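For reference, the structure is listed below as structure tokens.
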Amino acid sequence: MEAANKLEKLLDHLKEYAETRYQIGILNVQGKLSIVLSSLASKVILGILILFVLLFGGIGTALWLGVYFDNTFIGYFYVAGFYFLILLIIFFNREKWIKSPVMNDLIKKINFDEEN
């Protein structure tokens, strides 16, 4: 009788332990997910702001070049050519400049330990 009572108590403790470990795992995933998503949201907002700066800066530069060369189309073609050159440079270096740093940043944020 006493052994059955001890076994039942042990099983209750094991259930509580498993449930607690499960809850801790969920909290860890939620914490890491919130870190990654907040970082992603801030980078998206920053990217949108940079896009606006490039857009309006490009339009302004194209208009200025158009006045300088007395032909509006030439200004826009020069700015488009400059953006195309930047695009090619980024495209050929995308692995080194974009993919690896983004992967490393995500891995750091996922493996972030609250104690550090």
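All of the numbers you see were taken from the coordinates with simple rules; none came from a lab. Small disclaimer: the values here were computed from a predicted structure and weren't measured. Cβ coordinates were reconstructed from backbone atoms using ideal geometry, including for glycine residues, and neighbour counts include every protein chain displayed.
Couple of notes before you dig in:
- Using alpha-carbon coordinates, inclination of helix 2-68 to the longest axis of the chain, degrees: 10
- Multiplying the residue separation of MET103 and ASN71 by 0.36 nm and subtracting their alpha-carbon distance yields 7.0 nm.
- Amide N proximity, the range 88-107 versus ILE35 label position 7 Å along Cα-to-Cβ, cut-off under 18 Å: 101-107
- Total lysine pairs under 25 Å (Cα atoms) in the chain, excluding pairs fewer than 8 apart on one chain: 13
- Each of THR61, ASN28, LEU14 was scored by the projection of its Cα onto the charge dipole of the chain, and the greatest displacement toward the positive side belongs to THR61; charges sit on the C-beta of Lys, Arg, Asp and Glu.
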